[in-house]
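Note sheet for the following structure.
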Amino acid sequence: MHFLTSLRCATIGVTAAAALAAGPALADDPTELSVAIILSAGIENGWDGSLIEAFERVAADEPHGLDISWRYSDPLWGDAAGEAMRLYAESGRFDIIWAHSTYSDQVARLKDEFPDILFVVVGSGNEGLGGNQYWVYKRVHEAGYLLGALAGHMTESNVLGAVGTFPADDVNDEINAFFAGARSVNPDVTGNTSFIESWYDPARAGEFTAAKVATGADIIFQLASNFQPCEEAEILCFGNFGDQNSFSPDTVLSSALALWDPDIRWIVDEWWAFKTEEEPLEGNTELRWFSMAEGGSDIAPFHGLADRVPQEVQAELDTLRASIMDGSFEVPLDVSQPES
């Protein structure tokens, strides 16, 4: 089976400022960091694509003066994912194995056999194993709340739709926040939510989105990556995890952004301390996520649709975002399954 499909390397000269920020490196400190990434859906999917984009940004900054390179796999699950991780580990070429979804079962069978490799699992459904497994979490509910407030102002039917993947903790939170944000500015809003029961199934997502349009929804929070029904109905959609405007420039007004930069930097710092300061790998057993104020999420620009947003709505959205960033407003965290 051929599962290693692409190699992305970034080698950027360190500026003087970056070198100073990283601190002086000793002669025997590592200068390279190699990461193997197990994808769950593929880089065209916002969850996976946004991670690769974040690796590119972090690599360009060369934290600790490191030349960071990575290789990612085709989407893999179950035994196939476990076999890929083992081949990566046995190759001796990789310092970190980043399994970008629910893979703690596979990591549990490998982590003790390869104690010098830092393993990463991501999102809901995982078990915090500690040791050399780290558990990266991602919440974009604050961004979802902002998009909801925008939708609450702009809806004409007062019916909003949301199409989710699975009713998981880190999916429910942003859908609930989206509707909470909408109702905060428009109490007459009603919400209609469905889950496609897949992490990536564009055809099924299209069916469920079309059903939302049929119920009268005139703005849809699309977490499942199919904007065609919105195009056909000439209504607005919001994307998820990555800036998805390019998929449908006339439809996707904005997106909830998952920014993995602070997560990657945290993992790189943990690996660096392990390699240079002999600090043991002590992975987290409880959820750890970075807030919007910490750089963990945001909303995408409006691109060519900016003129669709009234200036007073834009000003109110800017004020709301600032209050989230400075901590004067805390977006409620609700992980219960959304109800239509």
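Just a few scattered comments:
- Test result for SER255, crowded, with 23+ Cβ neighbours inside 10 Å and over 20 Å from HIS100 (Cα atoms): yes
- Screening ASN245 on (1) farther than 23 Å from HIS141 by Cα; (2) touching a His at 6+ places or on another chain (Cβ under 7 Å); (3) buried (at least 18 other Cβ atoms within 10 Å of the Cβ) shows it passes everything except condition (1).
Every residue, every condition in (1) surrounded by 19 or more Cβ atoms within 10 Å (Cβ to Cβ); (2) at pLDDT below 95, yes or no:
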site	(1), (2)
GLY130	no, no
GLU156	no, no
ASP170	yes, no
ASP201	no, yes
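- Some residue of the stretch 178-185 being aromatic (Phe, Trp, Tyr), in a helix (DSSP H, G or I) and more than 15 Å from the chain's Cα centre (by Cα): yes
- Residue count for the stretch 306-337, restricted to those that are part of a helix (DSSP H, G or I) and free of Cβ contacts under 8 Å to residues at least 60 places away in the same chain: 11
- Of all residues in the stretch 93-128, those satisfying the criterion of being among the aromatic types (Phe, Trp, Tyr) and either modelled with pLDDT under 95 or part of a strand (DSSP E or B) (or both) are TRP98, PHE119.
- Failed item in (1) more than 17 Å from CYS237 (Cβ to Cβ); (2) surrounded by fewer than 20 Cβ atoms within 10 Å (Cβ to Cβ), with ALA211 passing the rest: (1)
- Positions within the stretch 246-277 being part of a helix (DSSP H, G or I) and among the hydroxyl-bearing types (Ser, Thr, Tyr), in sequence order: SER246, THR276
- Restricting attention to the stretch 262-288, the residues being crowded, with 19+ Cβ neighbours inside 10 Å and closer than 22 Å to TYR145 by Cα number 1.
- Screening the stretch 20-58 for residues that are at pLDDT below 90 and among the charged types (D, E, K, R) and picking the one that is nearest to the chain's Cα centre (by Cα) gives GLU44.
- The stretch 144-176: number of residues that are in a helix (DSSP H, G or I) and under 22 Å from ASN126 (Cβ atoms): 9
- Residues in the stretch 47-80 that are part of a strand (DSSP E or B) and surrounded by fewer than 20 Cβ atoms within 10 Å (Cβ to Cβ): 3 in all.
- Residue match in the stretch 320-333 (condition: exposed (fewer than 14 other Cβ atoms within 10 Å of the Cβ) and of a type in the set (Ser, Thr, Tyr)): yes
- Of all the criteria given as (1) touching a residue at least 60 places away in the same chain (Cβ under 8 Å); (2) buried (at least 22 other Cβ atoms within 10 Å of the Cβ); (3) over 30 Å from LEU76 (Cβ atoms), the one not satisfied by PHE221 is (3).
- Pairs where the first residue, in the stretch 120-139, is touching a residue at least 40 places away in the same chain (Cβ under 8 Å) and at positive phi and the second is in a loop (DSSP other than H, G, I, E, B) and of a type in the set (A, V, I, L, M), C-beta under 8 Å, 6+ apart: GLY123/ALA168; GLY125/ALA168; GLY131/LEU281
- Residue that is farthest from ASN158 (Cα to Cα) [pool: residues in the stretch 175-191 that are in contact with a strand residue (DSSP E or B) (Cβ under 7 Å, 6 or more places away or on another chain) and crowded, with 20+ Cβ neighbours inside 10 Å]: ILE175
- Residue count for the stretch 153-174, restricted to those that are touching a strand residue (DSSP E or B) at 6+ places or on another chain (Cβ under 8 Å) and acidic (Asp, Glu): 1
- Residue pairs meeting the criteria (Cβ under 7 Å; at least 6 apart or on separate chains; first assigned by TED's automatic domain parsing to the domain that holds PHE119, in the stretch 69-95; second basic (Lys, Arg) and not in a helix (DSSP H, G or I)): TRP70/ARG8; GLY82/ARG109
- Of residues in the stretch 289-305 being of a type outside the set (A, V, I, L, M, F, W, C) and part of a loop (DSSP other than H, G, I, E, B), the one surrounded by the most Cβ atoms within 10 Å (Cβ to Cβ): GLY296
- In this structure, ASP243 qualifies as modelled with pLDDT of 95 or more and assigned to a loop (DSSP other than H, G, I, E, B).
- Qualifying positions in the stretch 73-84 - in contact with a helix residue (DSSP H, G or I) (Cβ under 7 Å, 6 or more places away or on another chain) and modelled with pLDDT of 95 or more: LEU76, ALA81, GLY82
The values are calculated or read from the model by the stated rules, or taken from the named source; none is laboratory data. Computed from a predicted structure; not experimentally measured. Because the Cβ atoms are built from the backbone with ideal geometry, glycine has one as well, and the counts that use them run over all protein chains shown.
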